[in-house]
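Chemist: Okay, handing you the structure first.
The values are calculated or read from the model by the stated rules, or taken from the named source; none is laboratory data. Note that the structure is predicted; figures quoted are calculated from it, not measured. Here the Cβ positions follow ideal geometry from the backbone for every residue, glycine too, while neighbour counts run over all protein chains shown.
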Amino acid sequence: MFTVELDQQRLQDVLRKVEWAVGDLAPLMRSVAAELGSITEENLEEQGRPDWTDLSDVRIGQREKDGTWPGQMLQVSSAGLAASISTYATDSSAVVGSNKPYAAMMHFGGTKAEFPHLWGDIPARPYLPMDAEGVVQPEAEEAILDLAMMHLGKAARV
């Protein structure tokens, strides 16, 4: 199991203020989890935002031989990485991820030295709503802040 926790101070500060003002964050966290899942699906469909590094000639040759090229980089099979994306939320957290053993390597990259079974080094192809350094994708930050403000607005009207 590979877990990445974001230390995005601006988002955490806003969400703490919303929690203080509203109390129950469970509905907001469910919305945030759904949004993170949606952004992840868009990232996979668009093949990165920003665009991912192209496949190597070796990998393109393998995919052509398998009949999966041309095609999308991280969506080779119907039971692959894209299909494995799941979300869940608790009263105080929102999570998006995959149960695939290679998911972290695809997001963060990996070298043949680290993973000898690979055909070569794999560049990072961030598909989660953050880059390989853990910086939240601008679309995700904006969407989460918008959701927090809508949640706060609803609580203020009650």
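Chemist: Filter region 30-64 for residues that are part of a helix (DSSP H, G or I), more than 29 Å from E19 (Cα to Cα) and without any contact (Cβ under 8 Å) to a residue 60 or more places away in the chain and give the result.
Modeler: Scanning region 30-64 gives E45, E46, D57, I60, G61, Q62, R63, E64.
Chemist: Here's a follow-up. Just checking, how many residues over region 1-27 are under 18 Å from the mean Cα position of the chain (by Cα) and at pLDDT 70 or above?
Modeler: Number satisfying all stated conditions: 3.
Chemist: Based on what the data block shows, is Q8 under 20 Å from G134 (Cα atoms), touching a helix residue (DSSP H, G or I) at 6+ places or on another chain (Cβ under 8 Å) and either surrounded by fewer than 13 Cβ atoms within 10 Å (Cβ to Cβ) or touching a residue at least 60 places away in the same chain (Cβ under 8 Å) (or both)?
Modeler: yes
Chemist: For region 99-158, enumerate the residues that are in contact with a Gly (Cβ under 8 Å, 6 or more places away or on another chain), assigned to a loop (DSSP other than H, G, I, E, B) and modelled with pLDDT of 90 or more.
Modeler: Answer for region 99-158, where residues must be in contact with a Gly (Cβ under 8 Å, 6 or more places away or on another chain), assigned to a loop (DSSP other than H, G, I, E, B) and modelled with pLDDT of 90 or more: K100, P123, A124, R125, P126, Y127, L128.
Chemist: OK, next. With respect to L74, is the statement that it is aliphatic (A, V, I, L, M), at negative phi and in a helix (DSSP H, G or I) true?
Modeler: Taking the combined requirement at face value, the residue does not satisfy it.
Chemist: Taking the stated definitions as given, is A79 at pLDDT below 90, more than 15 Å from I39 (Cα to Cα) and under 11 Å from the mean Cα position of the chain (by Cα)?
Modeler: no
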